[in-house]
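See structure below.
The values are calculated or read from the model by the stated rules, or taken from the named source; none is laboratory data. This is a predicted model, so every value here is computed, not measured. Using ideal geometry, Cβ is built from the backbone for each residue, glycine included, and neighbour counts are taken over all protein chains shown.
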Amino acid sequence: MEHHQNKISPDASFNKKKWQILKDIFGYSSFRGNQEEIINCVLSGQNVLALMPTGAGKSLCFQIPALTFGGLSLVISPLVALMEDQVANLKLSGVQADTINSGRPRTQNIETWRMVQRGEINLLYLAPERLMDKRMLTALARLPVNLIAIDEAHCLSQWGPSFRPEYAMLGTLTQHFENIPIIALTATADEATRKDIQTQLFNGENQLFVSGFDRPNIHLSVTQKKNWKEQLLDFVLKRPKTNGIIYCLSRRKTEDVAELLGEKNINALAYHAGLTTRERTERQNRFLTEDGLVMVATIAFGMGIDKANIRYVFHTDLPSSIEAYYQEIGRAGRDGAPAEAHMIFGAGDIRLRRQFIDEEDSDNDRKWRENQRLDALIAYADSMTCRRQALLSYFGEEKSSCNTCDICDNPVDLIDGTQDAFMVFDAIFETGELYGQAHIIDVLIGAKTEKTKKTGHQALDCYGVARGSFNKESLKSLIRQMISTGFLEIDVAGYGSLSITQKGNALSRGKESFFYRKESIPAPKPKRQKTFIQQPEKPDLSDNDETLLSALKERRLELAREKGVPAFVILHDKTLEEMAYYKPRTLDALGRIKGIGQAKMNNFGQIFLNVILNKAH
């Protein structure tokens, strides 16, 4: 799915140059998805907001325009580690890129700035707070800045799940850099977040691109948390020698889980923000280089990771929102082959997440929205019809039953909930569609609260109608299931009020039907073998090919250690897989492998060719 205002063609010279950069620097002969349309808009001087799923190639959408324009382009990124990795990758590709950040010595930052002043840097990576410093803005205003790119743009929106106040300052960029195109990119943003970004950053004057959110090769499943260690071991031990990521809520838990798996002879590493930079880099390199390795991590791990053959993502705890969940499961199956996203959660997870929100150093509006986001995720986990439908509907995308989720595998027993839904509709309608789930439930069960008294809702016809038939928990489950099936929606950008959707209105007119599950979460059932929709993109490697691939990865790791960079910065897995499959015998043939630009050919081409020639004999 793509949304944009109109097709735009850049200047002919820019058009020719972008293709040359794509091939010579990045080593690709074609664009993917809507990359080219986005790039064309930027090259034509348009502002762009692009929503692209993890692994869709967001970076090229600003790197190619930056290099096509020439001069200086600014890239705003939230994480120092992410900036450092991207800069290292670009430098190895022959691009004049660098970063000024708090993780570097002051002397190094000063030298980088001098290079910027001398016109020796094309892409300068900055954190938002450093860019928006008055002295930095004044200094940059004197330089020929041609493009500004904002990565992880959902951090800018006050409605966004990862809002950072320093990102909000970016809303004034157009005042400081007039007539300079800005491209904002993110992998996940609901409609309220998109609209807010467009208003804050562009005042609505921008092109919008929304790529489809569906990842049909990822099998989705959720089960109720009982004995989480047994559930985790049962899952992992059935998938031996498989690349996976296990997400945990705390640093301590990642260490405990890695130790637990190690006792069962599973190759596992813990990864969290408490490790030193060296430890994190070393563990990241191992994960990218070794097969059959499981990374047990907090959310500190994953951003910028390019390992195509991660076969599963397992959540031992409830994530903070659907956006966070979607981004985390998106790290699985980037090669297009079957992958799994499994989550376990229970009432304790919900209480803990509510506690985190309550203890946040933020205003009440922010806390309201975070609670609504959490409600939306719980509704997904509590879904009793196709789980993919529930996930995609949150992002405004429709989907018929997917046949690649636990609910489609084993449909649960449902009851006709039409009259129960009407009861909820009545309460929402009679209270003016102004209230959230908690108050609607209080009205339905006839609770005598300060709010029901103050609003006069104790006098409504719907007051107390559910008493005796439902309790608070069963009403919460009913409402969550009405949300997950699209009959109700939560106003995340407001105060979490429930409103009746078009689909809900159709149900009221007898043109839709609603069935739901009385219990909160279905018990796990045996899973059928499924045929996944999307087929692997990577070559079908023989045993000899796999041996060669291992040798290529070992050499890549040695080079990464020499350069002090993560392994994927040298070459991506997909590039090494093609080398192992095609076994080029000359540098010219090696240059036709995807993902090797001219600079990397010059630096590493002969090294990898030697590995191929040695192993081929």
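Residue-by-condition table, conditions (1) in contact with a Lys or Arg (Cβ under 7 Å, 6 or more places away or on another chain); (2) surrounded by 14 or more Cβ atoms within 10 Å (Cβ to Cβ); (3) among the hydroxyl-bearing types (Ser, Thr, Tyr); (4) in contact (Cβ under 8 Å) with a residue 60 or more places away in the chain:
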{"residue": "Trp368", "(1), (2), (3), (4)": "no, yes, no, yes"}
{"residue": "Arg373", "(1), (2), (3), (4)": "no, yes, no, yes"}
{"residue": "Cys386", "(1), (2), (3), (4)": "no, yes, no, no"}
{"residue": "Phe395", "(1), (2), (3), (4)": "no, yes, no, yes"}
{"residue": "Lys399", "(1), (2), (3), (4)": "yes, yes, no, yes"}
{"residue": "Asp426", "(1), (2), (3), (4)": "no, yes, no, no"}
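Filter region 141-162 for residues that are at pLDDT 85 or above and in a loop (DSSP other than H, G, I, E, B) and give the result.
Listed by number, the residues that qualify are Arg142, Leu143, Pro144, Asp151, Glu152.
Does region 311-330 hold any residues that are modelled with pLDDT of 90 or more, buried (at least 22 other Cβ atoms within 10 Å of the Cβ) and part of a loop (DSSP other than H, G, I, E, B), and which are they?
Thr316, Leu318, Pro319, listed by residue number.
Whether any residue in region 395-403 is among the basic types (Lys, Arg) and within 16 Å of Leu498 (Cα to Cα) is what I want to check. Let's see the steps before the verdict.
Start the filter on region 395-403 by keeping residues that are among the basic types (Lys, Arg), which leaves 399.
Subset that is within 16 Å of Leu498 (Cα to Cα): none.
For region 395-403, residues among the basic types (Lys, Arg) and within 16 Å of Leu498 (Cα to Cα): absent.
Name the helices (runs of 4 or more DSSP H) wholly within region 548-615 that hold at least 1 residues that are touching a Gly at 6+ places or on another chain (Cβ under 8 Å), outside the structural domain of Asp24 (by TED's automatic domain parsing) and charged (D, E, K, R)?
On the way: elements: 567-570, 573-582, 587-590.
Filter on region 548-615 gives 573-582.
Name the pairs: first residue in region 444-458 and farther than 22 Å from Gly468 by Cα, second residue assigned to a loop (DSSP other than H, G, I, E, B) and among the β-branched types (Val, Ile, Thr), Cβ to Cβ under 8 Å, at least 6 apart or on different chains?
Cβ pairs passing all conditions: Thr455/Thr431.
Kindly indicate whether Gly564 is in contact with a Phe, Trp or Tyr (Cβ under 6 Å, 6 or more places away or on another chain) and under 19 Å from Val87 (Cβ atoms).
Numbers: in contact with a Phe, Trp or Tyr (Cβ under 6 Å, 6 or more places away or on another chain): no; under 19 Å from Val87 (Cβ atoms): yes.
No.
Could you count how many residues in region 217-226 are modelled with pLDDT of 90 or more and either over 16 Å from Val313 (Cα atoms) or in contact with a helix residue (DSSP H, G or I) (Cβ under 9 Å, 6 or more places away or on another chain) (or both)?
Narrowing region 217-226 to residues modelled with pLDDT of 90 or more: 217-223.
From what is left, the residues that are either over 16 Å from Val313 (Cα atoms) or in contact with a helix residue (DSSP H, G or I) (Cβ under 9 Å, 6 or more places away or on another chain) (or both) are 218-223.
Count: 6.
Might you check whether a residue that is closer than 23 Å to Trp368 by Cβ, over 32 Å from the mean Cα position of the chain (by Cα) and not assigned by TED's automatic domain parsing to the domain that holds Thr193 occurs anywhere in region 457-466?
Going through region 457-466, the residues closer than 23 Å to Trp368 by Cβ turn out to be 457.
Of the ones still in play, those that are also over 32 Å from the mean Cα position of the chain (by Cα) are 457.
This time we only want the ones that are not assigned by TED's automatic domain parsing to the domain that holds Thr193, so: 457.
The answer is yes; a qualifying residue exists.
If you take the residues in region 525-577 that are of a type in the set (Ser, Thr, Tyr) and at pLDDT 85 or above, which one is nearest to Asp291 (Cα to Cα)?
So the first thing to find is which residues in region 525-577 are of a type in the set (Ser, Thr, Tyr), and the list is 531, 542, 547, 550, 575.
Next, only the ones that are at pLDDT 85 or above stay: 547, 550, 575.
Values: Thr547: 12, Ser550: 9, Thr575: 16 Å.
Of everything passing the filter in region 525-577, Ser550 is nearest to Asp291 (Cα to Cα).
Looking for something within 22 Å of Leu507 (Cβ to Cβ), touching a Ser or Thr at 6+ places or on another chain (Cβ under 8 Å) and either loosely packed, with under 14 Cβ neighbours inside 10 Å or at pLDDT below 90 (or both) - is there at least one such residue anywhere in region 438-457?
no
Under the condition of being touching a helix residue (DSSP H, G or I) at 6+ places or on another chain (Cβ under 8 Å) and of a type in the set (A, V, I, L, M), which residue from region 331-376 is nearest to Phe487 (Cα to Cα)?
Per the criteria, the residue is Ala376.
Here is a yes/no grid of residues against (1) touching a helix residue (DSSP H, G or I) at 6+ places or on another chain (Cβ under 8 Å); (2) surrounded by fewer than 16 Cβ atoms within 10 Å (Cβ to Cβ):
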| site | (1), (2) |
| --- | --- |
| Ser102 | yes, yes |
| Pro105 | no, yes |
| Ile110 | no, yes |
| Gly119 | no, yes |
| Asn122 | yes, no |
| Thr138 | no, yes |
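Does region 331-353 hold any residues that are out of contact with any strand residue (DSSP E or B) (no Cβ under 6 Å at 6 or more places or on another chain), modelled with pLDDT of 85 or more and under 22 Å from Ile378 (Cβ atoms), and which are they?
Phe345, Arg353
So how many residues does region 159-199 have that are surrounded by fewer than 18 Cβ atoms within 10 Å (Cβ to Cβ) and among the polar types (S, T, N, Q)?
Here the count works out to 5.
Cβ contacts < 6 Å: first residue farther than 17 Å from Leu67 by Cα, restricted to region 111-128; second residue in a helix (DSSP H, G or I), any location; separation 6+ or different chain. Result?
Matching pairs, first to second residue: Pro128/Glu166; Pro128/Tyr167; Pro128/Leu170.
Filter region 380-433 for residues that are touching a strand residue (DSSP E or B) at 6+ places or on another chain (Cβ under 7 Å) and β-branched (Val, Ile, Thr); which is modelled with the lowest pLDDT?
Ile415
Of all residues in region 264-277 being outside any loop (DSSP other than H, G, I, E, B) and either outside the structural domain of His315 (by TED's automatic domain parsing) or of a type in the set (Ser, Thr, Tyr) (or both), which is modelled with the lowest pLDDT? Let's see the steps before the verdict.
Here is the first cut: in region 264-277, the residues outside any loop (DSSP other than H, G, I, E, B) are 268-271, 277.
Those left that are additionally either outside the structural domain of His315 (by TED's automatic domain parsing) or of a type in the set (Ser, Thr, Tyr) (or both): 271, 277.
Values: Tyr271: 92, Thr277: 79.
The extreme case among them is Thr277.
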